[in-house]
Each structure stands twice: as structure tokens, then as C-alpha cells.
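Undergrad: Structure provided below as C-alpha cells; questions to follow.
Read-outs throughout are calculated quantities, based only on the coordinates presented, and are distinct from any laboratory measurement. The structure presented is a predicted model; accordingly, all values stated were derived computationally and were not measured. FYI the Cβ positions are ideal-geometry reconstructions off the backbone, even for glycines, and counts take in every protein chain you see.
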Amino acid sequence: MTTPRIRKLPAAILLIGTLIGGAHIGATLAFTGPDTPLKQSLQPGLNKYFLGPLDQGWNLFAPGAYSQDEYLLVRACVSTADVCAGGSSAGAEFTEWRNVSAEETPEPGVSRILANREHRQSKVVHSRFWPAAAALSPEMRRMAEGNHLDGQPVFGVALDDTAASKDFNPKVLSQLKTYQRMEDTAVGFASLYALREWGGKASMVEVRMRRDAVVPFEKRHEVAADKTQSFMNIGWRSVVIFDEETRNAWL
């Protein structure tokens, strides 16, 4: 009596495996495919799937292979928020720019066979933020580079409000929401870094993403070979407040 069940079990497993594999392949094609209305509607779910447990640097592959070094830079204002808002003339104390990515990079000569996510957090934030920022229009980019404190909407309206759907068409609104998620991640990361590095005194942070063009192979020995730099900036933002457990886990 048990024989038919035993014979059906492999078929059921095969069917489930086929469905899971097909769904993954379909999602991969949608995620890496051209921008379409269908992709826009699926984008939040695709981002959650691929940029979460299946984090993958797609630019490792042609035709968009990496051709630059990426760095995340942070500086902070370590005065109180009201003094910081008044700037240097009000006595605000600003830190120097810190290259977080360079600090996370192993010392020369130290080999690391397997990727260690603990030592490349800024690289992941950079790689996700840059394309989201690059997709913005010049006007929206300028707004994002401005200073927005105490939760002030970057684009003049809360993107989840009904008013946002009236101010922006669906495609633009989707781009703005994607950007906002990436900015929130970058500012949160910068906040944790600033609170650790400057003794919990930081009240505001500013973030700068930098890309240095890789020197062509044939010019690798030229001392004067220039590395063209490009930037994506996030203006001053209030430090994100984390609960003690989250902060202690990161610090």
C-alpha cells in the first residue's frame, strides 16, 4: 500500500523544485531586463528578493564590468543640532571627511580569500545608492544634494502620501522611492559610523559617494596617471536614532 506513495514523492519534489527554479529564473530575467511598466510594478518585490539574501554585484559581468574604485565618505557635525543648523558662524564644529571604504579595506599584503561582508559594508551601500541617484533628473538630484533636517521630505512631499501620486507620474515616483530607500540606508550607515567614531556627539551627517576611474593597464606604471573622480552627494541630514540594542550590535 505504501509503494505508490513512495513513487509519487520524487515526482512531487521534482515539480516543486521546477516551480521554484522557474520562478527564480523568471525573477532574474525581470530584475536584469529592460525597464518596462511590468518591471516597475514588480520592482519593490524584486529589490527585496535580490538585494537582500541574494545580494549580487551584477556589474561584475559584461557589458557593464567595473571600471572604477568606489568609496563612501562621511563627515559629521558634532555640536548640538541647533548650533549645527547655524553653521560655522554659529560655532558649529565639523569633522574632517573620513573615507569609510578605505578604512574597511585590508592593509596591502593582507590576503582574504573569501569575501567578508563585515569589511565591505560601505561598498554595498555605495553600489546600491549610485544607480538609484543616477536615475534621478538633474532637478531631483539637486534637491537630494540639499540639506534636509529633522525628517524634512527630500523632494518636498512624503512619497507615501497621496499627494505624491498627484505630483509625480508613476515612473518618476518609483524612481524617487527607490532613491529614498537607498538614501535612508546610506544615512543610517553614516549615522552609526559617526556615533561610533566621534563618541556619540554627532547630530548631523553628510555623505559623499566617490568613484575613481581605474588607470588603464598600459599606464599602470605612470606616476602622473590621473584618476578621474566623480561624486554623488547627500546633503546634511539629521543623525538617525537607533535603539540601544541595534546600536550596540553594530558598534
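Undergrad: Which order do peptides 69-81, 28-40 fall in by mean Cβ count within 10 Å, highest first?
TA: Per-residue Cβ counts within 10 Å, averaged per peptide and sorted highest first, yield 69-81, 28-40.
Undergrad: Using θ = phi - 60° and the Karplus relation 6.51 cos²θ - 1.76 cosθ + 1.60, list the HN-Hα couplings for the stretch 90-102 in order, rounded to whole Hz, with x at every Gly or Pro.
TA: Result, rounded to whole Hz: 8, x, 5, 9, 10, 7, 6, 6, 10, 8, 5, 5, 5.
Undergrad: Whole-Hz ³J(HN,Hα) for each residue in the stretch 190-196, computed from phi via Karplus 6.51 cos²θ - 1.76 cosθ + 1.60 with θ = phi - 60°, x for glycine and proline: what do you get?
TA: Calculated HN-Hα couplings, in order: 4, 5, 4, 5, 5, 5, 6 Hz.
Undergrad: Something else now. Tally Lys/Arg at +1 and Asp/Glu at -1 over every other residue whose Cβ is under 14 Å from the Cβ of Gln40; what's the total?
TA: +2
Undergrad: Ranked from highest to lowest mean number of other Cβ atoms within 10 Å per residue, what is the order of the peptides 11-20, 232-241?
TA: Ranked from most to least packed, the peptides come out as 232-241, 11-20.
Undergrad: Listed highest first by mean packing, meaning other Cβ atoms within 10 Å per residue, what order do 132-143, 175-186 come in?
TA: Descending packing order for the listed peptides: 175-186, 132-143.
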